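For reference, the structure is listed below as structure tokens.
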Amino acid sequence: MVSARIASSAPLRADRLQRAGAAVVASKIETGLAERSWSISDREKRHHCQLFCVLHGRAVFIGVDRHRMDLLAPVMLWLPLPVAGEFRLEAGGDGITAMIAEDFVWRIIGDSPVATHLRPMLERVVVAPSDRIALQLAEIGVSLNALIRESREPQAGGAAMMALHLGVVMLHLWRASGGGAATAQRGSGVTTVQRFRQLIELHYRENLGVDDYADRLGVTRAHLHDACLRATRETPLALIHVRLLEEAQSRLEQTDLSVEQIGYSLGFRDPSYFNRFFKRLTGVTPGAYRQSGPVARTTREPLSFAAWP
């Protein structure tokens, strides 16, 4: 049996994912003497996708409809936001698990040349069985190691590094599952909110308003507002702001562009508007954020989604 060495990590905690900048939180599952289980709540109670990679042993996933999926290592299991249930790892098993913010997955898929094929992974369970990943497990292990390291020790450019390695893992999942058509459990379908997020990814630099997005979706502003509140507990404007903030933070971390240049590239024609927008969402100015260092950045949550020029 092929195995992969996975770096040690602290136990997985959902609150770590909620911190600004924590797009991925990955952790090793150590060998245990007893069965362990993970309760995967429905989308009303979580905002992340879940990935399990079982390196040794047996596991099972039981959906809320009581459908049972038996898993024999080495195997990977992808659980998107619409899916809920319970994952159980038998005694003696080990591997890793990772929580990935759904918005971060959208960003990876939006930039991928195979986006059309990867997009269904946001709607369905995907299983990469042992006979499809055994030969690639060492390569997958490199990317999983990187996700653990980057989520445990945040550094400049961490989001970009995570995106690269998570993209590799997702491509392996897609290939091993039969190009997206193999064992899968349908979720809730492509919703208005999912299509809205796709449009945000394509047009967030263009300073489009909520009405513009609603028109492109072919729905009313009120319908889009209600759909976003039901699915995410955020308004459409808040989701637009989150994506803008993420891009602003990324450019402050990874480029030498001035604050004014970054603001202008994101649709802010007045530097003071960009400074006000950024400070209201993070509590600090763009300049202070750039100087604070990656560790300090990951500990503050956005304060408000209210500012927009």
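The values are calculated or read from the model by the stated rules, or taken from the named source; none is laboratory data. These numbers come from a predicted model, not from an experiment. We place every Cβ from the backbone using ideal geometry, glycine too, and count neighbours over all the protein chains shown.
Below are the figures for this structure:
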quantity: Pairs with Cβ under 9 Å, 6+ apart, first in the range 218-238 and without any contact (Cβ under 8 Å) to a residue 24 or more places away in the chain and in the same structural domain as PRO82 (by TED's automatic domain parsing), second assigned to a helix (DSSP H, G or I) and surrounded by 15 or more Cβ atoms within 10 Å (Cβ to Cβ); calculated: none
quantity: Hits in the range 123-145 (condition: touching a strand residue (DSSP E or B) at 6+ places or on another chain (Cβ under 9 Å) and either among the aliphatic types (A, V, I, L, M) or outside any helix (DSSP H, G or I) (or both)); calculated: GLU123, ARG124, VAL125, VAL126, VAL127, ALA128, PRO129, ILE133, LEU137, ILE140, LEU144
quantity: Filtered residues of the range 205-220 (kept if in a helix (DSSP H, G or I) and modelled with pLDDT of 90 or more); calculated: VAL210, ASP211, ASP212, TYR213
quantity: Condition broken by LEU173, with the remaining ones in (1) in contact with an Asp or Glu (Cβ under 6 Å, 6 or more places away or on another chain); (2) surrounded by 21 or more Cβ atoms within 10 Å (Cβ to Cβ) satisfied; calculated: (1)
quantity: Subset tally (residues that are modelled with pLDDT of 90 or more and within 12 Å of the chain's Cα centre (by Cα)) for the range 79-128; calculated: 4
quantity: Failed condition for GLY92, given (1) crowded, with 16+ Cβ neighbours inside 10 Å; (2) touching a residue at least 60 places away in the same chain (Cβ under 8 Å); calculated: (1)
quantity: Test: residue in the range 239-257 that is free of Cβ contacts under 8 Å to residues at least 24 places away in the same chain, surrounded by fewer than 19 Cβ atoms within 10 Å (Cβ to Cβ) and not aliphatic (A, V, I, L, M); calculated: yes
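Okay, residues lined up against (1) closer than 15 Å to ALA91 by Cα; (2) of a type outside the set (Phe, Trp, Tyr); (3) in a loop (DSSP other than H, G, I, E, B):
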site: ALA34; (1), (2), (3): yes, yes, yes
site: TRP38; (1), (2), (3): yes, no, no
site: ARG46; (1), (2), (3): no, yes, yes
site: LEU51; (1), (2), (3): no, yes, no
site: LEU55; (1), (2), (3): yes, yes, no
site: ILE62; (1), (2), (3): no, yes, no
site: ARG66; (1), (2), (3): no, yes, yes
site: LEU71; (1), (2), (3): yes, yes, no
site: MET76; (1), (2), (3): no, yes, no
